[in-house]
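I have placed the structure first, in the form of structure tokens, so that the comments after it can refer back to it.
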Amino acid sequence: MNRVLTPNPYRILFASHAIQSLGGLSDLAAFTSAMTTALSTMGHDVRLILPAYSALLSALDSVTQISTIKLPGTHRGARLLQGHLSPGLPLYLVDIPGQFDQPESQYIDENGRPQPKNALRFGLFSRVVALMAINQAGINWQPELLHCNGWETALAIPLLANEWSRPATVYTLHESEQPQFRGDQISALALPVELLKSGILERQGRISYEKGTLLTADVLALTSAGFREEILEDQTSHPLAHLIKKRRDQLYGIPSGLDYQYWSPTTDRHIEQHYDSTSFELKKLNRQRLVSELSLPLNDRDMLIAYLATSSNTDNPALLASLLESLVPDAPLHILVAAAQAGPALQPLLDSAASHPGRISIHPGITEPQWHRILASSDCLLLPATRHPSAHQAQCALSYGTVPIAQTTASLRNTLTDATPANLLHGNATAFLYDDATLEPLNEAVSRAMACHAKPAIWWQKLARQGMDQSFPITETAAQYLECYQAAIDHPITYSLS
């Protein structure tokens, strides 16, 4: 990628709790990696701050302690460590004893929801982010703009509300359901009295970090223009939609783009055989490798449908289990469930696997390289989200010529085009879409996909190639965020906690 310098580069502190290049499989992890790399390539002084997970520390080549931080009002301290993801992208890691040394599975409960202890661990992390934002982290650097992502970073912005020297602040919402915590679960944070008395964190008798940042961030961003429209029109589309709607003048809808240096079958270092839209027939060699790697019971005529089970889509396994029950016994398809980790939420699918041997395979603990190989091998990617299907997963699928089967929502309307007869005829179809997160529409979409796949191969190849010809470059996303950053710098809001 060529380095395109910006005349007036920004100093940006980018806060997140996940990163793709060190093993994260979530949309937020992909967004964090792609955005920070793109901004750095454009010449901005962007610095990424993350919790010092033990797995992350072991994955980095070298890490240096650069400061120690005393957290205000507490007896707790934190170490600020520094590493690099690339030569121009500094990475800061917040190491707080006893907080981030557990396996990833310990941060969510058996239902895929955040553990109560996350109130403290990510609250402490946010306190360090806030201190770094006002140059009180011992590194002699202050950003012009703080960009927080996800509720795990959200507390940092309201902590800065009364700071006269604070940077401009931007917050991107990445999930539709946010945790709330009891007061006793955050008592060890020793939050400023004026912040607690202001009531901006209080929601239904509990504490919501995200509520505070929705009220105090200079600019808010959503992960698609369609999601922005949905929230403004439908009060049920997000638990805090009524607050977001009040910020409509500072609310941006910016689609998350794709880093094609990382998610492309022409360059992907994790796959067996590279290919593009002109050599699509080579994709079958990746399928052969995957069948061997995962011991999949596939016939040549079977349509392979992939599904990534994560902590944010725990409602879907039961729906997929019902789908298997509704299909005709000899339907030529196989569903490959790639689970980020094992857990009780997968039980309906495990039961289905026992009842339908050969129809479904379940692989918990899937690694990111394996997910690349699955995308490069599958015919379809299933996105049956009951909340908000992953636009990032849909974009990745299109890049690899893997046709999405997805619930139509605002977040996907600008990404996918349904394979109706008319759209197939005119050459702009890219996916099989359905409207409701219930069994009958999903079954109908899968049946349409199977019928298309059963036609002569040239029909399916044309559909897949149309998806591969789509483009969602992360550079366009970064350019829109730069406009968002400038708006936050030029028009800060005033919010007094008193």
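Can Ser377 be described as out of contact with any Leu (no Cβ under 6 Å at 6 or more places or on another chain) and over 23 Å from Asn443 (Cβ atoms)? Outline the logic, then answer.
Working: out of contact with any Leu (no Cβ under 6 Å at 6 or more places or on another chain): no; over 23 Å from Asn443 (Cβ atoms): yes.
Criteria not met by Ser377.
Name every residue in region 463-491 that is over 25 Å from the mean Cα position of the chain (by Cα), loosely packed, with under 15 Cβ neighbours inside 10 Å and touching a residue at least 24 places away in the same chain (Cβ under 8 Å), in order of residue number.
His491
Do we have any residue at all in region 485-493 that's modelled with pLDDT under 95 and in a helix (DSSP H, G or I)?
There is no residue in region 485-493 that is modelled with pLDDT under 95 and in a helix (DSSP H, G or I).
Could you tell me which residue of region 177-188 is surrounded by the fewest Cβ atoms within 10 Å (Cβ to Cβ), considering only residues that are out of contact with any Asp or Glu (no Cβ under 6 Å at 6 or more places or on another chain) and under 14 Å from Glu152 (Cα atoms)?
First pass over region 177-188, keeping only residues out of contact with any Asp or Glu (no Cβ under 6 Å at 6 or more places or on another chain): 177, 179-188.
Then drop every residue that is not under 14 Å from Glu152 (Cα atoms), which leaves 177, 179-181, 186.
Details: Glu177: 11, Pro179: 19, Gln180: 20, Phe181: 20, Ile186: 20.
It comes out as Glu177.
Step by step: first the residues of region 99-147, then only those that are out of contact with any helix residue (DSSP H, G or I) (no Cβ under 8 Å at 6 or more places or on another chain) and modelled with pLDDT under 65, then the one that is nearest to Ser208 (Cα to Cα). Which residue is that?
Out of the qualifying residues, it is Arg113.
Could we say that Asp234 is acidic (Asp, Glu) and modelled with pLDDT under 95 here?
So Asp234 fits the description; yes.
Which of the residues that make up region 233-276 are in contact with a Pro (Cβ under 8 Å, 6 or more places away or on another chain) and surrounded by fewer than 18 Cβ atoms within 10 Å (Cβ to Cβ)? Full working, then the answer.
Going residue by residue through region 233-276, those that are in contact with a Pro (Cβ under 8 Å, 6 or more places away or on another chain) are 257-258, 260, 270-271, 274-276.
Result: His270, His274, Asp276.
Mind checking which residues of region 44-66 are in a strand (DSSP E or B) and within 23 Å of the chain's Cα centre (by Cα)? Give the steps one after another, and end with the answer.
Kept after step one, since they are in a strand (DSSP E or B), are these residues of region 44-66: 45-51, 64-66.
Result: Val46, Arg47, Leu48, Ile49, Leu50, Pro51.
Residue under question is Gln480, and the condition is that it be within 30 Å of Leu220 (Cβ to Cβ) and out of contact with any strand residue (DSSP E or B) (no Cβ under 7 Å at 6 or more places or on another chain); does it hold? Steps first, please.
Details: within 30 Å of Leu220 (Cβ to Cβ): yes; out of contact with any strand residue (DSSP E or B) (no Cβ under 7 Å at 6 or more places or on another chain): yes.
Yes, satisfied.
Yes/no matrix, rows are residues, columns are (1) within 28 Å of the chain's Cα centre (by Cα); (2) among the hydrophobic types (A, V, I, L, M, F, W, C); (3) in the same structural domain as Asp379 (by TED's automatic domain parsing); (4) crowded, with 16+ Cβ neighbours inside 10 Å:
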site	(1), (2), (3), (4)
Leu282	no, yes, yes, no
Asp300	no, no, yes, no
Pro317	yes, no, yes, yes
Leu346	yes, yes, yes, yes
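Just to be sure, is Ser292 free of Cβ contacts under 8 Å to residues at least 60 places away in the same chain and not in a loop (DSSP other than H, G, I, E, B)? Quick ask: steps written out before the conclusion?
On the way: free of Cβ contacts under 8 Å to residues at least 60 places away in the same chain: yes; not in a loop (DSSP other than H, G, I, E, B): yes.
Criteria met by Ser292.
Give the number of residues within region 326-355 that are in contact with a strand residue (DSSP E or B) (Cβ under 6 Å, 6 or more places away or on another chain), without any contact (Cβ under 8 Å) to a residue 40 or more places away in the chain and more than 21 Å from Thr438 (Cβ to Cβ).
4
Out of region 190-221, which residues are within 28 Å of Glu483 (Cα to Cα) and free of Cβ contacts under 8 Å to residues at least 60 places away in the same chain?
Glu210, Lys211, Gly212, Leu214, Leu220
Conditions (1) of a type outside the set (S, T, N, Q); (2) touching a helix residue (DSSP H, G or I) at 6+ places or on another chain (Cβ under 9 Å), marked per residue:
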site	(1), (2)
Ser411	no, yes
Thr415	no, yes
Glu440	yes, yes
Glu444	yes, no
Ala449	yes, no
Lys462	yes, yes
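Out of all the residues in region 306-313, is one or more at pLDDT 90 or above and either within 26 Å of Cys452 (Cα to Cα) or crowded, with 21+ Cβ neighbours inside 10 Å (or both)?
Going residue by residue through region 306-313, those that are at pLDDT 90 or above are 306-307.
When the remaining residues are screened for being either within 26 Å of Cys452 (Cα to Cα) or crowded, with 21+ Cβ neighbours inside 10 Å (or both), the result is 306-307.
Yes, region 306-313 contains at least one residue that is at pLDDT 90 or above and either within 26 Å of Cys452 (Cα to Cα) or crowded, with 21+ Cβ neighbours inside 10 Å (or both).
Would you check if Leu323 is assigned by TED's automatic domain parsing to the domain that holds Glu440 and touching a strand residue (DSSP E or B) at 6+ places or on another chain (Cβ under 9 Å)? Give the derivation first.
Working: assigned by TED's automatic domain parsing to the domain that holds Glu440: yes; touching a strand residue (DSSP E or B) at 6+ places or on another chain (Cβ under 9 Å): yes.
For Leu323, the condition - assigned by TED's automatic domain parsing to the domain that holds Glu440 and touching a strand residue (DSSP E or B) at 6+ places or on another chain (Cβ under 9 Å) - is met.
Yes or no, residue by residue, for (1) under 29 Å from Met35 (Cβ atoms); (2) in contact with a Gly (Cβ under 7 Å, 6 or more places away or on another chain); (3) of a type outside the set (Gly, Ala, Ser):
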| position | (1), (2), (3) |
| --- | --- |
| Ala161 | yes, no, no |
| Pro167 | yes, no, yes |
| Tyr171 | yes, no, yes |
| Ala188 | no, no, no |
| Pro192 | no, no, yes |
| Leu195 | yes, no, yes |
| Thr213 | yes, no, yes |
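Find all pairs meeting these conditions: Cβ atoms under 9 angstrom apart; at least six residues apart or on different chains; first residue within region 438-451 and within 16 Å of Ala321 (Cα to Cα) and free of Cβ contacts under 8 Å to residues at least 12 places away in the same chain; second residue among the acidic types (Asp, Glu) and assigned to a helix (DSSP H, G or I).
none
In region 414-439, what residues are within 22 Å of the chain's Cα centre (by Cα), in a loop (DSSP other than H, G, I, E, B), buried (at least 17 other Cβ atoms within 10 Å of the Cβ) and not hydroxyl-bearing (Ser, Thr, Tyr)?
Leu416, Ala437
The values are calculated or read from the model by the stated rules, or taken from the named source; none is laboratory data. Since the structure is predicted, the reported quantities are computational estimates derived from the model, not experimental observations. FYI the Cβ positions are ideal-geometry reconstructions off the backbone, even for glycines, and counts take in every protein chain you see.
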